[in-house]
Amino acid sequence: MDKNINTNTNYRSIPKVDVLLEDSEIQALIAEYDRNTVVEVIRDKTGELRSFIQNSTEEALIPEKVSALIPMIKAGVSQLYAYHMKPVVNGTGTILHTNLGRAPISIAHAEKIKEIVTSYSNLEYHLEKGVRGERYSHFEELVCRITGAEAAIAVNNNAAAVILILSTLTKGREVIVSRGELVEIGGKFRIPDVMEQSGSKLTEVGTTNKTHLEDYENAITEETSALLKVHTSNYKIVGFSESVPISDLAEMAEKYDLPLIEDLGSGVLIDLTKYGLSYEPTVQDSLKQGASIVCFSGDKLLGGPQAGIIVGKKEYIDQMKRNPLTRAIRIDKFTACALELVFQEYLNEKNAIKKIPTLEMINRPLEQLNRMAEQLVHTLQAAAEYAEISVEDCQSQLGGGSLPMERITSKAVVVVPFTMTAARLEKRLRKSARPIIVRVMGDKVHIDMRTLIKDDLAVVADEVTAVLKGEE
Ligand SMILES: *Cc1c(COP(=O)(O)O)cnc(C)c1O
């Protein structure tokens, strides 16, 4: 009985919506945002307060909650209007971090994209002839020049590219693929499922670890429409294993007059061994060795926008351009523009290595990484009494399912906080205004210098200092 009376009194202490709407701070909110939203948030927050009172065992807390109502409403409204996507600092050392948006675009490219997308453009307009043009035309010639392909097209992503290729060339018929290449690429994208989606019939040959040329040959029937090779870029079978090189497959495909399709996954256009990485088949090599069609991602090692790029024989690419499915998975003007920009950089390899952020990070020299680390440690001296801060060797990785075994030696700034756990520091950095994503190893927070770009170093210095000093 007592409890009820008190609860009713407490309920009455919640201001009514009309009263709240007269409040000057709420009036200011309405002026800045809009009335309906503010009213909705008031209802939500007063509702939350009511259920707090109902469930509360500590009456003493209630007046405090009631007086915090207006600040809660203000926070609720501004949160609704806040822009959700944010730039984050990638301190993980994983260059193509799928959760963090894979390949970053350079500032110069973003400026050009801005110029194009904020105007009308010749996206699908042939300016010389004054007739309808093709959105692929802006980069097709470039791609062909760089890769040696006869023709090219790009779609939404590489998963879509695989579906488009198969649905155009092999629908209703058999495609031969090695059991060792029936991979899951991530996010439930499995090659066998994709093949099924495209309406093709999968003929598996060989075993998980070994597939020979005659396995393919023995499987060829009247129903066979293509041979498919999938570059298993995200895992490696080591030891007793064998797969058939693309050049041998090409010979056989030619003999039986079948298209040879290669899904390369990561689109590498330069020889990475020059930059200290293992050999990763390039698009040029694949075509030279006889693949009729090659597809690859735009935002993996290519370092461009999300896209699936398909290159190869003109007769096949033309069929894909006519496939109605292409209309459903076509690239937009942002992507068309970004692709032209990124391919243009590849006309000159030295240029590409410097100007494409992904390649620049892969190739960033150890001395530079060390300088960055030393500089960061130096600025963090301001918080030296709150943590042990040092430079350590670390291993960056490519990520995004590219070269999974590959580690690139790098430098990390390692912070061991005295006043909080490493996990807490990680959380604080992740939740700061400009989120910083770091790796925690035991009691250490690792910040890899390789994946810091633009003004990240200064941001990290400020944030880490502030968090360690307990300023936020
Ligand atoms: C990553 C990958 C894909 C999917 O590419 P997205 O651009 O992410 O759609 C397809 N095939 C292979 C072999 C891959 O490595």
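The values are calculated or read from the model by the stated rules, or taken from the named source; none is laboratory data. Only a predicted model underlies this, so the values are computations on that prediction, with no experimental measurement involved. Positions of Cβ are generated from backbone atoms using ideal geometry, with glycine treated the same way; all protein chains shown enter the neighbour counts.
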Seminar exercise, completed: Contact list, first residue from the range 354-373 and modelled with pLDDT of 95 or more and small (G, A, S), second anywhere and surrounded by fewer than 21 Cβ atoms within 10 Å (Cβ to Cβ) and not in a helix (DSSP H, G or I), beta-carbon distance below 6 Å, six or more apart or interchain, is A373/V391
For this session: Give the residues of the range 144-160 that are more than 11 Å from the ligand (Cβ to nearest atom) and either free of Cβ contacts under 8 Å to residues at least 40 places away in the same chain or in a helix (DSSP H, G or I) (or both), sorted by residue number.
Result: C144, R145, I146, T147
Problem set entry | Matching entry among G304, G290, G308, G312 (being closer than 28 Å to S198 by Cβ and either in contact with a His (Cβ under 8 Å, 6 or more places away or on another chain) or free of Cβ contacts under 8 Å to residues at least 60 places away in the same chain (or both)) | G290
Exercise. List pairs: first in the range 324-335 and in contact (Cβ under 8 Å) with a residue 12 or more places away in the chain, second not in a helix (DSSP H, G or I), Cβ under 6 Å, 6+ apart or cross-chain?
Worked result: I329/V155; I329/N156; I331/A154; I331/A307; K333/L123; T335/P305; T335/A307
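Does any residue of the range 284-304 turn out to be touching a strand residue (DSSP E or B) at 6+ places or on another chain (Cβ under 8 Å), under 21 Å from P357 (Cα atoms) and more than 11 Å from the ligand (Cβ to nearest atom)? Before you say what the answer is, go through the steps one by one.
First pass over the range 284-304, keeping only residues touching a strand residue (DSSP E or B) at 6+ places or on another chain (Cβ under 8 Å): 286-287, 290-298, 300-302.
Remaining after also requiring under 21 Å from P357 (Cα atoms): 296-298, 300-302.
Applying the additional criterion that residues be more than 11 Å from the ligand (Cβ to nearest atom) yields none.
Taking every residue of the range 284-304 in turn, none turns out to be touching a strand residue (DSSP E or B) at 6+ places or on another chain (Cβ under 8 Å), under 21 Å from P357 (Cα atoms) and more than 11 Å from the ligand (Cβ to nearest atom).
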Exercise. Among strands (runs of 3 or more DSSP E) lying entirely in the range 388-472, which contain 2 or more residues that are of a type in the set (D, E, K, R)?
Worked result: 444-448
For this session: Take K171 and decide whether it is basic (K, R) and within 30 Å of E223 (Cα to Cα).
Result: yes
For this session: Return the residue satisfying two criteria in turn: it lies in the range 166-189 and is part of a strand (DSSP E or B) and under 26 Å from G303 (Cβ atoms), and of such residues it is nearest to the ligand (Cβ to nearest atom).
Result: I185
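Quick one: is E406 out of contact with any His (no Cβ under 9 Å at 6 or more places or on another chain), closer than 30 Å to Q344 by Cβ and surrounded by fewer than 19 Cβ atoms within 10 Å (Cβ to Cβ)?
So E406 fits the description; yes.
Would you call R430 basic (K, R), under 19 Å from the mean Cα position of the chain (by Cα) and at pLDDT 95 or above? Steps first, please.
Numbers: basic (K, R): yes; under 19 Å from the mean Cα position of the chain (by Cα): yes; at pLDDT 95 or above: yes.
Yes, satisfied.
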For this session: Filter the range 334-383 down to residues that are under 20 Å from D455 (Cα atoms) and polar (S, T, N, Q), then give me how many there are.
Result: 7
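Residues being in contact with a helix residue (DSSP H, G or I) (Cβ under 6 Å, 6 or more places away or on another chain) and either assigned to a helix (DSSP H, G or I) or modelled with pLDDT of 95 or more (or both): count how many of those fall in the range 21-36.
Filtering the range 21-36 down to residues in contact with a helix residue (DSSP H, G or I) (Cβ under 6 Å, 6 or more places away or on another chain) leaves 25-26, 29-30, 33.
Next, only the ones that are either assigned to a helix (DSSP H, G or I) or modelled with pLDDT of 95 or more (or both) stay: 25-26, 29-30.
Of the residues in that region, 4 qualify.
Would you check if there is a residue in the range 307-319 being over 22 Å from K171 (Cβ atoms), more than 11 Å from the ligand (Cβ to nearest atom) and under 25 Å from the mean Cα position of the chain (by Cα)?
The answer is no, given that none of the residues of the range 307-319 is over 22 Å from K171 (Cβ atoms), more than 11 Å from the ligand (Cβ to nearest atom) and under 25 Å from the mean Cα position of the chain (by Cα).
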Exercise. With respect to the numbered conditions (1) part of a loop (DSSP other than H, G, I, E, B); (2) out of contact with any strand residue (DSSP E or B) (no Cβ under 6 Å at 6 or more places or on another chain); (3) within 30 Å of M195 (Cβ to Cβ), which one is the sole condition not fulfilled by L96?
Worked result: (2)
For this session: All but one of (1) buried (at least 19 other Cβ atoms within 10 Å of the Cβ); (2) closer than 20 Å to L258 by Cα hold for G172, so report the exception by its number.
Result: (1)
Exercise. Filtering the range 214-238 down to residues that are within 16 Å of the ligand (Cβ to nearest atom) and β-branched (V, I, T), which residue is modelled with the highest pLDDT?
Worked result: V230
For this session: Filter the range 239-283 down to the residues that are within 16 Å of the ligand (Cβ to nearest atom) and among the acidic types (D, E), then identify the one that is farthest from G312 (Cα to Cα).
Result: E280
For this session: With the checklist (1) farther than 17 Å from V77 by Cα; (2) at pLDDT 95 or above in hand, flag the one item T9 doesn't pass.
Result: (2)
For this session: Working only within the range 146-164, note down all residues that are within 18 Å of I246 (Cα to Cα) and surrounded by 21 or more Cβ atoms within 10 Å (Cβ to Cβ).
Result: T147, A149, V162
Problem set entry | Residues satisfying the stated conditions in the range 211-226, i.e. within 38 Å of the chain's Cα centre (by Cα) and part of a helix (DSSP H, G or I) | L213, D215, Y216, A219
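Based on this model, can you work out whether I163 counts as of a type in the set (V, I, T) and part of a strand (DSSP E or B)? Lay out the reasoning, then the answer.
Working: of a type in the set (V, I, T): yes; part of a strand (DSSP E or B): no.
No, not satisfied.
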